[in-house]
Structures are given as C-alpha cells and as structure tokens.
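The values are calculated or read from the model by the stated rules, or taken from the named source; none is laboratory data. The model shown is predicted, which means the values in this text are computed figures rather than measured ones. Here Cβ is always computed from backbone atoms with ideal geometry, including for glycine, and neighbour counts include all displayed protein chains. These area figures cover heavy atoms from the full protein model, side chains too; ligands, DNA and RNA do not enter into them. Shrake-Rupley method; radii C 1.70, N 1.55, O 1.52, S 1.80 Å.
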Amino acid sequence: MVVELICVGTELLLGNIVNTNAAYLSEKCALLGLSMYHQSVVGDNAERLKESLETALNRSDVVILSGGLGPTQDDLTKETAAEVMGIPLKEDPHSRERIEEYFKNSQYKVITDNNWKQALVPEGAIVLDNENGTAPGIIMEKNGKSVILLPGPPGELIPMFEGKVYDYLNKLQPEIIYSTMVRICGLGESFVENEIRDLIDNQTNPTIATYAKIGQVDLRVTAKAASEKEAAKLAKPMLKELLKRFGDHIYTMDEHKSLEEVIVHFLKERSLTLTTAESCTGGMIAARITDVPGASEVFKQGLVTYSNRAKRKLLDVKKTTLKEYGAVSEKTAKEMAKNGAFITGSDACVSVTGTAGPTGGTEEKPVGLVYIGCCYNNKTVVKEFHFKGERQKIREQATANALILLRECILADKGQE
C-alpha cells in the first residue's frame, strides 16, 4: 500500500512555520507498514494544489493532505480535492451543529458566515469530528483510492490521526506491524552502521533502520506478519543479535524512554543522589534531569559556575589550578566533579567545562574542546572531547556526553557488585 503526503500552506513554503506535520505523519505511516515515496508542499493556490493531487493519485493508493480546511478564502484544500475526485459538496448538519457548539463554548460568541463553509463536506465522505477545532477531517474513497484531509494545526491533526485515521489506515494494510526501537549511546553513527552492515545487507523481514541523534543512535526493528504475536516472534532473533553486538551501549528498547529517564531510574533504584556542576552548558544537564517526573527524589542541586570566581566560591576549585591549567582543563573538571559531590553531600556529581565558541578558542584550546568529569562512589573520571559545530550544537553534545559518562560510571559500579 503506497501513501503520499501533501502539506498545504504558503506559510510552509515561506518558512514561517516549521513543517512538523510531515515528520509526524511520515513516522506514523512507516509504523503502519505503508510505503511512502513522495511528499510535497503546496501553497494556497487551487491550480497548483489540483496538479499535485492529480499526480499523487496517479501513483499512490492513499493521499493525505494537511492544512487548508479553515474558514478563510485561501483555505482551498477541501474544495480542490472534491473537484479532483469529482464529488459534489453538501452541508453536513452534524458538522454545522458541532461548529455552533464550539463557538457557544468559546470566548468568540459571534459566528461569521465564512465559518459555515467548514460544514460543507464531499457527498458520501467519512467525516472526522474535530475535538480541538472547528474544521472536520474528511476521508473520500473512489475507484480504489483514498484521499484523507486533515486540519493543519498539530494540536488538531495529531489527535484526529491517532483517534480516527490510524485505525482506518490499519484496516487498509492487511499485515500487522511490530516495531521496536533499540537506543544506543556512547557509539558513533558510522561505527554502529558498520557493525550491522551485514544485517542491513541481508534484511528482508524484519527490517532495520538507523536514526542518528546527538549523543545516540536509534535502530528501529520492524517486522510484518498476520498477527502481532507472529511479527514479534520474527523480530526476536534480530533484537537478540543487537543485544549481543552492542551490550551495555543499549540503554533502552522503549522508544518513549530517554537517557535521562534511564539515569534517574538507576539512581532511584540504588537510593543515590546527583549534583551537576556546569560551566559552558549553563544548566542544560540539570534541565534534562529535572525534565523527568520524580527527579526530585534523586537530584540534589544544579550549580552553574560560569566564571572562575564562581568555580572557586561554589565548588572550591583551587586558585592555583585555574591559574596554572585554566578553567578549560582536565584538572578543573576533576575538581568541579569531586568537590561538587563533597560540598552538596551527593553520591554523584557530573561536571562540564569547555569552550563553546564562537569566540574564546586558542590554538592550544580550540572551540569545541570540552572536559567532562564524573565523581561517583568516591571515584572521579574525566574525559576530553573535541566537538564540532556551532555553539548550541557543542553545548548539546557536551550535555549528552555528560549523561552518557554518568551512566557509564553507574554501570561500571554495578558490574563490580
């Protein structure tokens, strides 16, 4: 089953709005086992939209359009799609009633006439109630083809897709899809791909795909079968092989679980506490930890010691250390981590000091040089990194690798028990 995506809106072409709908819908269609070979973005122009839709229907079984269902004059998606499908529009009493109810319960009590165009639907179409807005979604079927119209705002599109469209598409696709995400940290994308090259070259069912993110590589294993149980059984040998090859570098097989969630779980499990001592990351490590619900049980304190004075005053980094080795040094990172744990009475402290740029680098200490320390169970480890990219990317890489080092220290300690 081939699906195609058309996102409608001049604001997308101009870059005024990031097209997050495309990423969301692509991922969901992949999970459903639908093949997607083409995507396009079209402005609010009836002729160009008509041309794009006709092309899509000639090569795909299902076409999903997002945007252009609202009340304004430039909302042309429904009218154009109905024309291409050769289906007349007629008012849907149910949709009109829902629009009236929506305005009655909102701060805008006056319903302008242009809102009623949203109650016009293609004759015989499946109407999808919009629980978060006024424009209903629509599914048109004709000559073995399906055209699905979804509202543009993600807050309306996502609930409508998950509540109504997902099941519709799942019924069109006869096979059941089982998908598992294997999340790896501490290894580069090229290394991971090289390690599984034989699996990729010989894949049939299940399949494996790589996705690189800052500080981690995700491997999605997907199997198709007549039932979920059978599909899971097909995926099992592949998952077992990945565990064998990557071992402790796999931090979870739950795609909804982040690295910081795993770390917070480790700390809770062992009744341990954590402090962060940050310079160039400016509190980014602490922010990721405290994003996890329940982190207050393990997170004691976050110290942002950006200046040398703050490093001396709050973390007791020696004046001689800063003078002889500098703020960006292995020695400073070690003292930040060790003293941070001691001063706050924490079981672990992770520290970061570096040059994020774009200025401040020297030949001896270039932009991207970062030292990350971790004091855990009275042992302190420091690693040197040379990150590439602009300032924000360097800071994000430093944050991710600080979490990875903390996890490594916890796992190493667990292995000694």
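Checked across the range 232-248, the condition of being part of a strand (DSSP E or B) and modelled with pLDDT of 95 or more holds for no residue.
Say whether the condition of being assigned to a loop (DSSP other than H, G, I, E, B), modelled with pLDDT under 95 and either farther than 19 Å from CYS7 by Cβ or hydrophobic (A, V, I, L, M, F, W, C) (or both) is met by at least one residue in the range 118-130.
no
When restricted to residues that are open to solvent by less than 20 Å² (accessible area, probe 1.4 Å), assigned to a strand (DSSP E or B) and in contact (Cβ under 8 Å) with a residue 40 or more places away in the chain, the range 354-374 contains 4. Being among the polar types (S, T, N, Q), over 25 Å from the mean Cα position of the chain (by Cα) and open to solvent by 60 Å² or more (accessible area, probe 1.4 Å) is a property that holds for THR204.
Any chance the range 325-335 includes a residue that's open to solvent by 80 Å² or more (accessible area, probe 1.4 Å) and under 30 Å from SER271 (Cβ atoms)? Lay out the reasoning, then the answer.
First, the residues of the range 325-335 that are open to solvent by 80 Å² or more (accessible area, probe 1.4 Å): 325, 330-331, 334.
Cutting the leftovers down to under 30 Å from SER271 (Cβ atoms) gives us 334.
Yes; the residues of the range 325-335 include at least one that is open to solvent by 80 Å² or more (accessible area, probe 1.4 Å) and under 30 Å from SER271 (Cβ atoms).
Screening the range 1-97 for helices (runs of 4 or more DSSP H) wholly inside it with 1 or more residues that are more than 16 Å from VAL147 (Cβ to Cβ) and either open to solvent by 30 Å² or more (accessible area, probe 1.4 Å) or not polar (S, T, N, Q) (or both) returns the ranges 10-13, 20-31, 46-59.
Does GLU408 satisfy the criteria of being open to solvent by 20 Å² or more (accessible area, probe 1.4 Å) and either modelled with pLDDT of 95 or more or touching a Phe, Trp or Tyr at 6+ places or on another chain (Cβ under 8 Å) (or both)? Let's see the steps before the verdict.
On the way: open to solvent by 20 Å² or more (accessible area, probe 1.4 Å): yes; either modelled with pLDDT of 95 or more or touching a Phe, Trp or Tyr at 6+ places or on another chain (Cβ under 8 Å) (or both): yes.
The answer is yes for GLU408.
Highlighted here would be strands (runs of 3 or more DSSP E) found entirely within the range 136-198 that include at least 3 residues which are open to solvent by less than 20 Å² (accessible area, probe 1.4 Å), of a type in the set (D, E, K, R) and at pLDDT below 95, but there are none. When residues of the range 326-353 are filtered for being in contact (Cβ under 8 Å) with a residue 60 or more places away in the chain and hydroxyl-bearing (Ser, Thr, Tyr), how many remain? Residues that pass the stated criteria total 4.
Residues checked against (1) more than 26 Å from the chain's Cα centre (by Cα); (2) without any contact (Cβ under 8 Å) to a residue 12 or more places away in the chain; (3) closer than 22 Å to LEU128 by Cα:
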| site | (1), (2), (3) |
| --- | --- |
| LEU32 | no, no, yes |
| LYS50 | yes, no, no |
| THR55 | yes, yes, no |
| GLY68 | no, no, yes |
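The set of residues from the range 221-257 being closer than 30 Å to GLU297 by Cβ and out of contact with any helix residue (DSSP H, G or I) (no Cβ under 8 Å at 6 or more places or on another chain) comprises LEU243, GLY247, HIS249, ASP254, GLU255, HIS256, LYS257. Only one of ILE158, ILE184 is in contact with a helix residue (DSSP H, G or I) (Cβ under 8 Å, 6 or more places away or on another chain) and under 14 Å from CYS29 (Cβ atoms). Can you tell me which? It is ILE158.
Would you check if THR222 is touching a residue at least 12 places away in the same chain (Cβ under 8 Å), more than 27 Å from LYS171 (Cβ to Cβ) and either open to solvent by less than 70 Å² (accessible area, probe 1.4 Å) or assigned to a strand (DSSP E or B) (or both)? In short, no.
Among all positions in the range 394-412, there is no residue which is more than 25 Å from the chain's Cα centre (by Cα) and in a loop (DSSP other than H, G, I, E, B).
Which of the residues spanning the range 357-372 are out of contact with any Leu (no Cβ under 8 Å at 6 or more places or on another chain) and not aliphatic (A, V, I, L, M)? Show your work before the answer.
Restricting attention to the range 357-372, the residues satisfying the condition of being out of contact with any Leu (no Cβ under 8 Å at 6 or more places or on another chain) are 357-360, 362-371.
GLY357, PRO358, THR359, GLY360, THR362, GLU363, GLU364, LYS365, PRO366, GLY368, TYR371 - these are the residues of the range 357-372 that are out of contact with any Leu (no Cβ under 8 Å at 6 or more places or on another chain) and not aliphatic (A, V, I, L, M).
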